[in-house]
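Mind having a look at this structure? Questions to follow.
The values are calculated or read from the model by the stated rules, or taken from the named source; none is laboratory data. These numbers were taken from a predicted model, which means no experiment stands behind them. As a convention, Cβ positions derive from the backbone with ideal geometry for all residues, glycine included, and neighbour counts pool all protein chains shown. The accessibility values were calculated without ligands, DNA or RNA, using every heavy atom of the protein model including side chains. Shrake-Rupley method; radii C 1.70, N 1.55, O 1.52, S 1.80 Å.
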Amino acid sequence: MFRLQFAAEDMKDRRARVFLLPKKLVGPMRDYLDRFRPTLAQDSEANALWLNQYGNAITPDGFSRELPKVTRRFLGVPLRTQAFRHIAATSIAETDPEHVNIIKDILGHVTLEMSERHYNRAQGVSSCSQFQSIVEDIQDRLPIVGRADQNKFSGRPRS
């Protein structure tokens, strides 16, 4: 198990946080620490977890600059750090709406208002998806009427 510890000055609400790394990320973290970090560290005595190609700690500005490039390369879309906050909050609201109040603590919101916005947006997205599914089901049941099929309904022979 790995523990994630965030200092108060690094958090939006200025309160320190401690979380356990999700179990699914323990293997990739060990792989990074055992294989990749030593290569990046070279002869560096950097104390940081995340290192750049020169063996130095990745700065917040460097991370913010490189993250969209990496996500574009691997996910096909550039994502900034704020997008991950929105994704986390919306994912919680969609998959576990009974516990939407944990968004406040995880993201460091001062009030539940921001968490409720994510919940409401997730409900809207879910409703739109359900509506789209209904429309697609209706379209699948209707006969296809288009230019290619007009002769079929006009009584004229097809050419």
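Ignoring ligands, DNA and RNA, what accessible area per residue does region 1-84 give at 1.4 Å, in Å²?
Averaged over the residues of region 1-84, the accessible area is 81 Å².
Rank these by accessible area, largest first, 1.4 Å probe: MET29, MET1.
Correct descending sequence by accessible area is MET1, MET29.
Let me ask another. Using a 1.4 Å probe on the protein heavy atoms, what percent of the accessible area of region 10-72 belongs to carbon and sulfur?
C and S atoms contribute 56 percent here.
Go through 14-21, 82-89 and give me the packing order, highest mean Cβ count within 10 Å leading.
So the order, starting with the most tightly packed, is 82-89, 14-21.
Roughly speaking, what % of Cα-Cα pairs in region 1-117 are separated by over 26 Å, rounded to a whole number?
On the way: 1991 of 6786 pairs.
The calculated P(r) of region 1-117 puts 29 percent of pairs beyond 26 Å.
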